[in-house]
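The next block holds one structure in the form of structure tokens; read it before the comments.
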Amino acid sequence: MRVLVTGGTGYIGSHLVDALIRRGDEVLVIDNLSTGRYENIRHLRGNPAFRFINDTILNEALLERMIPSRDLIFHLAAAVGVRHIVKDPLAAINTNVRGTEVVLDQAFRYWKRIVIASTSEIYGKASHVPFREDDDRVLGSTAVTRWSYSMSKAIDEHFAFAYAAKGLPVSIVRYFNSYGPRLDERGYGSVVANFARQALHGEPITVHGDGQQSRCFTFISDTVAGTLLAGEVAGAVGEAFNIGSPHETSILELAHTVKRLTRSKSPIQFVPYEVCYGSGFEDPRRRVPAIDKAKRLLGFQPKVGLETGLKKTLAWCREHYRH
Ligand code: UDP
């Protein structure tokens, strides 16, 4: 197949590209390297099945030229991670809303199957876990910047469902705390990347709040497997899926596990939320995906446990996180 991956130099995007190339597809990546990294795709240079265009997805003329020759589109280009959104909400909203609008518009024009990457942030601070795909979303005030991420991705999803109602073969994947090699130590700021960097450098491992908040950490190969299925299974069309591990881990437990696996002497330090994110920050206490829909319709089954995934991730971080 001839596949377009927007955001293909990013952490998840580049692993998706590798998987597509491995299965024999021809892959075009459009990415402006705003949060992605050239290093993530450098190994594909010279591969005749791979092409990279360094440009923004807001370039409609480019998409209009490239999309007609594609069989399938994975739209991953976005401003991701709470830290980015809090730092520059305007850019994040623009990229996430306008970008997806442009890509979907072109996919619709040329009638191409498309998978839209979304996020568990969609559910906001809903407290009833596990989250089912059709659950209510619970968001805070628009004065709290964090919620603009959830809102912008929700608008993307509304666009997708609206196009689906007109017949476009579109599916949505909601990622839950993906981690693995290529997690950016500077950018996305995920807790796994932060803890890995801190533990490997002997710096304090910074646990926000009391550390009893939990997440369901999902190893990258499982994230990618769910994404690929959403692009190929007939029953996926017109549907949204939670793509994540159902296994819950507290942030404090994660800190101890990273410390143990790296044999680090770093102390574990509790840091109030206000110090990292400013005042008025709201953090979802628990975030657990219900994955029965993804299992039933896609055949999705996460395979990699936290300890195994962390060992692979930390081995990569040891090689790549240098100051
Ligand atoms: N977190 C932490 N220390 C860090 C970075 C994050 O304790 O250095 C916490 C953060 O406050 C949140 C959890 O880890 O409770 C997951 O944060 P992340 O940004 O990775 O993902 P998200 O909040 O989007 O699930």
Problem - Cα-centre dipole for segment 234-323 with unit charges at Cβ (Lys and Arg positive, Asp and Glu negative), debye to 20 - result: 500
Completion exercise
Taking the alpha-carbon centre of each part, the distance from segment 46-114 to segment 239-310 in Å is 27
Practice task
Could you work out the local net charge near R318, counting Lys and Arg as +1, Asp and Glu as -1, over the other residues with Cβ closer than 12 Å to its Cβ?
Solution key: +3
Completion exercise
Helix 220-232: inclination vs the chain longest Cα principal axis, degrees, rounded to 10, gives 20
Practice task
Working from Cα positions, state the angle (0 to 90°, nearest 10) between the long axis of helix 251-262 and the longest principal axis of the chain.
Solution key: 80
Completion exercise
Assertion target for M66, M1, ordered by fewest C-beta neighbours within 10 angstrom first, is M1, M66
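To the nearest 0.05, what FRET efficiency results for R260 and K303 with a Förster distance of 35 Å applied to their C-beta separation?
Working: r = 23 Å, r/R0 = 0.65.
For R260 and K303, the calculated efficiency is 0.95.
So which chymotrypsin sites (Phe, Trp or Tyr not before Pro) in segment 41-92 end up in coil per DSSP with only 13 or fewer other C-beta atoms within 10 Å?
Working: sites: F50, F52, F74; in loops: none.
Here no loop site has a sparse enough neighbourhood.
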Problem - Positive-pole candidate from G99, S152, G299, dipole of the chain, charges at beta carbon - result: G299
Exercise for the section: Quick one, can you get me the convex hull of the C-alpha atoms of the chain expressed as volume per residue in Å³? Expected result: 122
Problem - Amide N proximity, segment 64-84 versus D105 label position 7 Å along Cα-to-Cβ, cut-off under 17 Å - result: 64-68
Problem - Violating pairs (Cα-Cα greater than 27 angstrom) within the set K259/K303; K153/K259; K112/K303; K153/K312; K166/K293 - result: K153/K259; K112/K303; K153/K312
Practice task
Go ahead and collect, in residue order, the members of segment 128-164 whose backbone nitrogen is under 14 Å from a label point 7 Å along the Cα-Cβ direction of E248.
Solution key: 128-132
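In debye, nearest 20, what is the charge dipole magnitude of the chain about its Cα centre with +1 on Lys and Arg Cβ and -1 on Asp and Glu Cβ, if you could check? Each step should come with its number before you reach the end.
Numbers: 41 positive and 34 negative charges, 168 e Å.
Dipole about the Cα centre, nearest 20: 800 debye.
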Problem - trypsin sites (Lys or Arg not before Pro) within segment 163-255, DSSP loop, no more than 10 other Cβ atoms inside 10 Å - result: K166, R186
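Which trypsin sites (Lys or Arg not before Pro) from segment 233-299 combine a DSSP loop assignment with at most 10 other Cβ atoms within 10 Å?
When the trypsin sites (Lys or Arg not before Pro) of segment 233-299 are filtered for loop state and at most 10 Cβ neighbours within 10 Å, R263, K265 remain.
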Practice task
Given the peptides 89-95, 241-247, arrange them by the average over their residues of other C-beta atoms within 10 Å, most packed first.
Solution key: 241-247, 89-95
Exercise for the section: Report ³J(HN,Hα) in whole Hz for each residue of segment 97-103, in order, from the Karplus equation J = 6.51 cos²θ - 1.76 cosθ + 1.60 where θ = phi - 60°; Gly and Pro get x. Expected result: 7, 5, x, 5, 4, 5, 5
Handout entry: Simple Cβ-charge dipole of segment 98-154, Lys/Arg +1 and Asp/Glu -1, about Cα centre, in debye nearest 20
Key = 200
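From the helices alone, meaning DSSP H stretches of at least four residues, give me the mean residue ellipticity at 222 nm for the chain, per-run term -39500 (n - 2.57), in deg cm²/dmol to the nearest 500. Kindly include the intermediate steps, with their values, before the conclusion.
Details: 11 runs with 115 residues, N = 323.
Helix contribution divided over all residues of the chain: -10500 deg cm²/dmol.
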Problem - Acute angle (nearest 10 degrees) that the helix 306-320 long axis makes with the longest principal axis of the chain, alpha-carbon atoms - result: 90
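We did not get these values from a lab; they are worked out from the coordinates using the rules stated. Just so we're clear, the structure is a prediction, and the values are computed from it rather than from any experiment. Counting neighbours? That spans all protein chains shown, and the Cβs are built from the backbone with ideal geometry, glycine included.
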